[in-house]
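One structure is given below, encoded as C-alpha cells.
Bear in mind that the values in this text are calculations on the coordinates, not laboratory data. These numbers come from a predicted model, not from an experiment. In this analysis, Cβ positions are derived from the backbone assuming ideal geometry, glycine residues included, and neighbour counts consider all displayed protein chains.
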Amino acid sequence: MPAAIIDDLRAAFDATTVLTGADIDARYHTDMAGVPVAPPLAVIRPRSTEEVSKFLKLCHQARVPVTTQGGMTGLVRATMPLPGEMVLSMERMNAIEEVDTGGGVVVTQTGVPLQRLQEHVGERGFMFPLDLGARGSCTIGGNISTNAGGNRVIRYGMTRDLVLGLEAVLADGTVLKGVRKYIKNNTGIDLKQLFVGTEGTLGVVTRAALRIFPAPAEQQVALCALASFGKVRALLDLARTRLGGDLTAFEVMWNEYYRLTTELVKGVAAPLPTSHPFYVLLESSGSDAERIRNDLEEMLEQALEQEIILDATIANSGAAATAIWKVRDSSTELGRAIGPNSVGFDISLAIDKMEAFADTIKSELKTKIDKDAYAIVFGHAGDGNLHVNAKYPPTVDRNEEVTKLVYGITADFAGSISAEHGIGLLKRPYLKLSRTEEEIETMRTLKRALDPHHILNPGRIFTV
C-alpha cells in the first residue's frame, strides 16, 4: 500500500511537491527539543487548496494517515509523524492575498509565519494583534489549529476571536469555502469554529480571513515590582479601571522566573532589582500618545500611593520597551538554560486561585518529588493563563511523576490542562481531567462524521 500511494502521488504532483527517502529533511520529523522520530512515508508540499484537496482525496481512498505541519513550534508533539503517516507541509502556501484596511481584514494562506503577517499589515498602518514568543517561526495555520493566545488576549481575545472566515479541506478532499470578510453571519452552524483549536483532526485549514486593527500610535510598557499576589490582583483591578480598553497586556512573573531569566539568559537585563516576590509587565496602547502615557503614569502613581506596587519603571524608548518584553518572551531560552530534568506546563484557572495553585505546586514538588525541586511560574494573569516549569535534580527521570502531580493539582483547582498549546499526543492521557466523558465522546462523534477513516492527525487529542 505505501508504494502504491507514493506512485499515485508522484503521478499527481511534480517532483518538488513529493519528497521521499533521503530527500526528507530531518526538520519534518524532529521536534523543538531536537528529538527525532522515524521519517514519514512522504512529505507533500502543496501550493494551493486544490492541491491539498487532491492529496487528501488520494489518502482518504488509500486509508493512509496524514499529519499537517506548519512552523513546528508546537509543544505537545501533535505534528510529529507517527509510523506509517504522511506529512502535509504547508510551508509553500505562504501568500498574503489581500489587506482590506477599510474592512479591517487580511486574507492569507495559512503557511504564512505570524511575524511576516504582522509586518505586512504593519506597513499599511495596521496590526494583527495575536502575538507570542514563537512569532518568527509559528504559522497562521498552527495558530488557528491550536487557538493560540499569547500576550494580548486581555484586549483582543484568542485566535478564534480574530477569525472571520476559513477555507478548509475535509479528509475526503471536500473543500469548504468559508473565507468571508464580515463579523455578523448568523446563517446556521458556524462551521469555521470546527477547525479552530482542533489541531488538524477535523480538516486542514488552507486560507483564512482575519481581523486587523489600526496600529496604535502609542504603546507604553511598564514593569512593576510587587510584594504579594494579592497586590498583583489589586494592580490588575486598578489597571482595568484606570486604563480600560487601552490595557493590552498584563503579564505576571514570580520571582524565580524573573531572577533566573535575567541571570541565565544571555542578552536579557534586569530593569528592576531581582529581590522582589512578584513582577508585572503592563502594556497600554492607543491613538492619543500623550493621554496614553499620562494615564499610565497616573495609574502607577496611584498604585505607589496605595502601596500596591513597590517599584516601577516605564520604558522611555522603543528599545527600552523591547528590553522589558524580552524578559517575558525568554521563557524558551530559560528552559534551555536551566537544562534537562524539567517539565513545562500551560495551565488555565480562575485568577483568584492562582496563588494557592502555585504554592501547592511548589510545596508538593518538594514533598513528593525531591526536596530540591522547584517551580518557575509566570503567565498571562489578565486572562487566567499560567505557565509552569517544574525543575528537579538530574538524578532519575521523573517527568511522568511530575506531570501526573501537576495535572492532578490542576484538576483539584478546576483548571484546564491546556490554556493555549493544545493537547496533541503528550496531554492526551490527561484530557479527562479537564473535560467530561460526555464532552470527549461528542468530540469523537464529530471526528467520525468528518473523518470516517481517521486519517487526519489520528490519535491527537483523543483516540476514536
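Worth pointing out:
- Calculated from backbone phi, Karplus (6.51, -1.76, 1.60) coupling profile of segment 365-380 in Hz, x at Gly/Pro: 4, 6, 7, 10, 10, 6, 4, 9, 6, 8, 10, 9, 10, 6, x, 8
- In segment 356-464, Cα pairs under 8 Å separated by at least six residues give a relative contact order of 19 percent.
- Cα convex hull of segment 218-331 - mean projected area over all directions, nm²: 6.3 nm²
- Arranged from fewest to most other beta-carbon atoms within 10 Å of their beta carbon, Leu282, Leu9 become Leu9, Leu282.
- CD proxy at 222 nm, helix term only [per DSSP H run n ≥ 4: -39500 (n - 2.57); per residue of the chain; nearest 500]: -9500 deg cm²/dmol
- If R0 equals 41 Å, the separation of the Cβ atoms of Leu191 and Asp23 corresponds to a calculated FRET efficiency of about 0.65.
- Summed residue charge, Cβ within 12 Å of Met253's Cβ, Lys/Arg positive, Asp/Glu negative: -1
- For segment 48-134, the alpha-carbon coordinates run over 47, 29, 17 Å along the three principal axes, in decreasing order.
- For segment 96-214: Kirkwood Rh in Å [reciprocal of mean 1/r, alpha carbons]: 14.1 Å
- Restricting attention to the chain, close to 85% of DSSP beta bridges with both partner residues there are antiparallel.
- FRET efficiency, 1/(1 + (r/R0)^6) with R0 25 Å, evaluated for Ala269 and Thr241 via beta carbons: 0.20
- Among Lys368, Lys266, Lys192, sorting on how many other beta-carbon atoms sit within 10 Å of each Cβ, with the fewest leading, yields Lys266, Lys368, Lys192.
- Footprinting exposure proxy for Asp31, Asp131 (fewest neighbouring C-beta atoms within 10 Å first): Asp31, Asp131
- Whole-number percent relative contact order across segment 96-214, with pairs defined as alpha carbons under 8 Å at least 6 apart: 33 percent
- In degrees, nearest ten, helix 318-328 long axis to first principal axis of the chain (Cα): 80 degrees
- Spin-label model, Lys177/Asp359: points 7 Å from Cα along the beta carbon direction are separated by 5.9 nm.
- Violating pairs (Cα-Cα greater than 28 angstrom) within the set Lys231/Lys266; Lys371/Lys404; Lys266/Lys427: Lys231/Lys266; Lys266/Lys427
- The chain: relative contact order as a whole-number percent, Cα under 8 Å and 6+ apart: 15 percent
- Taking one quarter of the surface of the C-alpha convex hull of the chain gives a mean projected area of 22.5 nm².
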